[in-house]
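Values quoted throughout were computed directly from the atomic coordinates according to the rules given, and no laboratory measurement underlies them. Because the structure is predicted, anything quoted here is derived from the model rather than measured. A quick note on method: Cβ atoms are made from the backbone with ideal geometry, for glycine too, and the neighbour counts reach across all protein chains shown.
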Amino acid sequence: MTDKDQYKIQDEPFYQQQTNEVALYEAAYRNRLPVMVKGPTGCGKSRFVEYMAWKLGKPLITVACNEDMTASDLVGRYLLDEGGTRWLDGPLTTAARIGAICYLDEIVEARQDTTVVIHPLTDHRRTLPLDKKGELIHAHPDFQLVISYNPGYQTLMKDLKQSTKQRFTAFDFDYPDAALETEIVAKETGLDADTVAKLVKIGNVARNLKGHGLDEGISTRLLVYAATLIKDSVSPQDACRMALVRPITDDIDIRETLDHAIDATFA
């Protein structure tokens, strides 16, 4: 049997709610409804799921989805060892057996023929067929499925099918307003609020360039990185260039625009 405690989050993750998402998630969990969390990169989707798992006292099994992930990677496979063959449960199967929250991060990165295996777990059946093993798993009463993705990256070739989307309740996440984001970054890093407010100002400049040279704006995560560097005595200008500008673009004009904003803000 799998030890459930190894999947439990022992220490409270810092999460600052924006509206009433905590209460809404709790209602979804009480009724074991599947949840979809949508929003841009680094806006707190994964942290929210971790926080809710901690708050509810439930194990959390996270899967970082990718285009090479197969159905066997999720549900399990037979392995060869010195005694012959043995079955190894995948993360989805483990979660269904022990009553964990299974979090499939960036679900659209997985192939559609892979994600279809979650369908029986997301309706009234709450079952997972293990065809290779000839077993039908009835999900533990505490099991819940959560998925996340960034709608900004979806295309006609890489998006969730309606047959998948309509099995989930959903939350829309976005970057917090300036005051709340300042509070979050300051709390996360211990950097003074005045300096953090300047970082947030630069972040908003970059977010306004989305669709005008940038595919994605500066995330709250990157603001935390910049604040962490400044807290470690790196100059604000160098920290911002290293953490906020260089990771998101190689376009010379965009870099110069953001570098100018940095110099003007920290003059």
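Figures for the structure shown
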| read-out | value |
| --- | --- |
| Table column - 3J(HN,Hα) (Hz), segment 245-258, Karplus curve with 6.51, -1.76, 1.60, x for Gly and Pro | 9, 4, x, 9, 7, 10, 6, 4, 5, 5, 4, 5, 4, 6 |
| Mean Cβ count within 10 Å, highest first, over the residues of peptides 237-244, 101-108 | 101-108, 237-244 |
| Under 12 Å, Cβ to Cβ, from A178 - net charge with Lys/Arg +1 and Asp/Glu -1 | 0 |
| Karplus 3J(HN,Hα) series, Hz, for segment 162-173 with 6.51 cos²θ - 1.76 cosθ + 1.60 (x for Gly, Pro) | 4, 5, 8, 4, 7, 9, 10, 7, 8, 10, 9, 9 |
| Cα convex hull volume per residue for segment 122-211 (Å³) | 182 |
| Amide H within-cut-off set for C65, under 5 Å, with H built and near neighbours excluded | D105 |
| Over the chain, volume per residue of the alpha carbon convex hull, in Å³ | 157 |
| Range of Cα positions in segment 178-265 per principal axis (Å), largest first | 32, 24, 20 |
| Value of relative contact order over segment 4-172, rounded to a whole percent, pairs C-alpha under 8 Å and six or more apart | 30 |
| Tilt relative to the chain, helix 45-56 - C-alpha long axis, 0 to 90 degrees, to 10 | 60 |
| Relative contact order for segment 178-265, counting Cα pairs under 8 Å that sit 6 or more residues apart, in percent | 28 |
| Amide hydrogen neighbours beyond the local backbone of F171, cut-off 5 Å, H modeled | M36, V37, K38 |
| Rounded tilt (10° steps) of 193-207 against the dominant C-alpha axis of the chain | 80 |
| Once the Cα gyration tensor of segment 34-170 is diagonalised, semi-axes √(5λ) in Å | 25, 18, 15 |
| Ascending count of other beta-carbon atoms within 10 Å, so fewest first, for D253, D73 | D253, D73 |
| Ranking of W87, W54 by count of other Cβ atoms within 10 Å, fewest first | W87, W54 |
| Choice from E188, E21, E82 with maximal GNM fluctuation in the chain (Cα, 10 Å cutoff) | E82 |
| Over 23 Å between alpha carbons, listed pairs K4/K187; K38/K161; K38/K165; K38/K231; K38/K210; K45/K210 | K4/K187; K38/K231 |
| Using alpha-carbon coordinates, inclination of helix 21-30 to the longest axis of the chain, degrees | 0 |
